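Have a look at the structure below before the remarks.
The values are calculated or read from the model by the stated rules, or taken from the named source; none is laboratory data. Just so you know, these numbers come straight off a predicted model, no measurement behind them. Here Cβ is always computed from backbone atoms with ideal geometry, including for glycine, and neighbour counts include all displayed protein chains. Side chains are part of the model used for accessible areas, which takes the heavy atoms of the whole protein and leaves out ligands, DNA and RNA. Shrake-Rupley method; radii C 1.70, N 1.55, O 1.52, S 1.80 Å.
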Amino acid sequence: MKTRERILQTALQLFNEQGEPNVSTLEIANELDISPGNLYYHFHGKEPLILELFERFQSEMAPLLDPPAEAQLDVEDYWLFLHLIVERLSQYRFLFQDLSNLAGRLPKLARGIRHWLNALKRTLASLLARLMADGQLNSGTQALGQLVEQITLTLLFSLDYQRILNQEGEVRLVVYQIMMLVAPHLNQPSRSTVEHLAQRYLEA
């Protein structure tokens with residue numbers, strides 16, 4: 001593995017484990033057993049490291065936020081989609097552990113996060129609109145908009161909440177929470193199906 005890639009992987013691991021503000025480039029270099037100068041050759045400080053990790057996060061999320069419009073989705077497909085999104089959020093969780101401060105320090109990151117959030121909310125709104133078009137979801141435009149906001153907030157902050165509580169299976173818990181947010185807006189029999197799936201998913 002090339003040194004640049006090793007630096008990125010180690011930085012991601014340490015940022016996730018200790019929180020980005022608590023990790024210095026010197027600590028990353030020591031963990032890799034390379035000189036600080038060698039690290040500086042590849043990344044001139046933490047800012048370019050953070051920004052490149054965010055670019056990777058965006059690249060990995062991009063296919064999930066652009067599902068084919070003509071795809072026929074079963075109920076289970078929606079929850080697989082959510083699971084994959086939460087997995088990516090978990091893999092890059094340092095970005096969201098102190099999001100407002102991180103975005104305040106790095107304006108370029110703040111712009112990227114806003115762009116990603118807008119794409120996420122458009123995708124969520126589109127998927128909920130498909131459910132409505134299929135007669136499975138019963139919700140007005142305003143309520144649908146609020147549901148998108150609630151799902152987005154849960155995606156962004158629930159992983160840390162579960163971690164604070166020292167809960168195991170945090171990815172499953174977040175997906176379960178979102179399923180139960182959506183369930184009251186569904187018509188029967190979809191509502192019962194989703195509630196049953198959510199319970200099965202939580203116990204898996």
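General observations
- Exactly one residue out of R163, R172 is loosely packed, with under 15 Cβ neighbours inside 10 Å, within 28 Å of I50 (Cα to Cα), modelled with pLDDT under 90 and basic (K, R), and it is R163.
- Count of the range 98-121 residues which are touching a residue at least 40 places away in the same chain (Cβ under 8 Å), buried (at least 17 other Cβ atoms within 10 Å of the Cβ) and within 20 Å of G45 (Cα to Cα): 4
- Per the listing S126, S158, the residue uniquely open to solvent by 30 Å² or more (accessible area, probe 1.4 Å) and not aliphatic (A, V, I, L, M) is S126.
- Across the range 53-97, the number of residues qualifying as under 30 Å from A133 (Cβ atoms), free of Cβ contacts under 8 Å to residues at least 60 places away in the same chain and under 12 Å from the mean Cα position of the chain (by Cα) comes to 9.
- Residue in the range 69-78 that is small (G, A, S), under 29 Å from Q162 (Cα atoms), exposed (fewer than 13 other Cβ atoms within 10 Å of the Cβ) and in the same structural domain as G135 (by the TED database) present: no
- Of the set (1) loosely packed, with under 14 Cβ neighbours inside 10 Å; (2) over 18 Å from the mean Cα position of the chain (by Cα), all apply to L131 but (1).
- Residue check, V194 in contact with a strand residue (DSSP E or B) (Cβ under 8 Å, 6 or more places away or on another chain), in contact (Cβ under 8 Å) with a residue 12 or more places away in the chain and either β-branched (V, I, T) or not assigned by the TED database to the domain that holds D98 (or both): yes
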